[in-house]
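The values are calculated or read from the model by the stated rules, or taken from the named source; none is laboratory data. These numbers come from a predicted model, not from an experiment. Note: ideal-geometry Cβ built from the backbone for every residue, glycine included; neighbour counts use all protein chains shown.
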Amino acid sequence: MSYVVEKTEREFLLRFVCAATPQGDNDIRIKLILKQKLANCITCSKENLPGNIISLGTSFSIINKQGEHHNLQIVLPAEANSKEGKISIFSDLGCAVYAQKVDDVLRIRSENQIQLVKIIKFTNVP
């Protein structure tokens, strides 16, 4: 699968991923997945980024198999706050939804479980 990412954001995140110290096996796994996603993506300018791509700052909604809706925003780790629905790009869900689009169905691994979620809407924050 090809991902489309804004060029400046890609460069920033690659530096961030390489500089971050892993906090355990799951953290190492997520950073490897994100690094691989960024290394294999197509880059473009912010003006040419398709309007349906989830990037840093994007607010989005997902629905799981049980029909539960969650409104979330993808952010850097320092900004993450579960009470406010702000999830880190270095979380299982954050890494999975990054560079995805509305109607994508994803398999999310969390706490030794696999969960299917569907992205149902999003809003890019300027």
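Please state which one of GLU79, GLU68 is within 22 Å of GLU11 (Cβ to Cβ) and free of Cβ contacts under 8 Å to residues at least 12 places away in the same chain.
GLU79 is the lone residue from the list that is within 22 Å of GLU11 (Cβ to Cβ) and free of Cβ contacts under 8 Å to residues at least 12 places away in the same chain.
Can you tell me which condition PHE90 does not meet? The list is (1) part of a strand (DSSP E or B); (2) in contact (Cβ under 8 Å) with a residue 24 or more places away in the chain, and all the others hold.
All conditions pass for PHE90, except number (1).
Name every residue in segment 1-56 that is of a type in the set (Gly, Ala, Ser) and either in a helix (DSSP H, G or I) or under 28 Å from LYS121 (Cβ atoms) (or both), in order of residue number.
Of everything in segment 1-56, those that are of a type in the set (Gly, Ala, Ser) and either in a helix (DSSP H, G or I) or under 28 Å from LYS121 (Cβ atoms) (or both) turn out to be SER2, ALA19, ALA39, SER45, GLY51, SER55.
I'm trying to understand the selection: among the residues of segment 32-64, which are of a type in the set (Gly, Ala, Ser), within 18 Å of VAL5 (Cα to Cα) and within 14 Å of the chain's Cα centre (by Cα)?
Scanning segment 32-64 gives SER55, GLY57, SER59.
Out of the residues in segment 85-126 that are loosely packed, with under 12 Cβ neighbours inside 10 Å and either under 15 Å from LEU13 (Cβ atoms) or among the charged types (D, E, K, R) (or both), which is modelled with the lowest pLDDT?
The extreme case among them is GLU111.
Got at least one residue in segment 71-80 being under 13 Å from PHE122 (Cα atoms) and either at pLDDT below 90 or more than 10 Å from the chain's Cα centre (by Cα) (or both)?
yes
Could you look through segment 18-31, keep only residues that are surrounded by 13 or more Cβ atoms within 10 Å (Cβ to Cβ) and without any contact (Cβ under 8 Å) to a residue 40 or more places away in the chain, and pick out the one that is nearest to the chain's Cα centre (by Cα)?
Only one residue fits best here, namely ARG29.
Being of a type in the set (S, T, N, Q) and within 22 Å of LEU116 (Cα to Cα) narrows it down to one residue among GLN23, GLN36; which is it?
When all the criteria are applied, what remains is GLN36.
Do we find a residue being modelled with pLDDT under 90 and farther than 24 Å from PRO22 by Cβ anywhere in segment 52-63?
Yes, some residue in segment 52-63 is modelled with pLDDT under 90 and farther than 24 Å from PRO22 by Cβ.
Being in contact with a helix residue (DSSP H, G or I) (Cβ under 8 Å, 6 or more places away or on another chain), surrounded by 14 or more Cβ atoms within 10 Å (Cβ to Cβ) and over 18 Å from LEU93 (Cα atoms) is the filter here, so list the residues in segment 32-55 that pass it.
Matches in segment 32-55: CYS41, THR43, CYS44.
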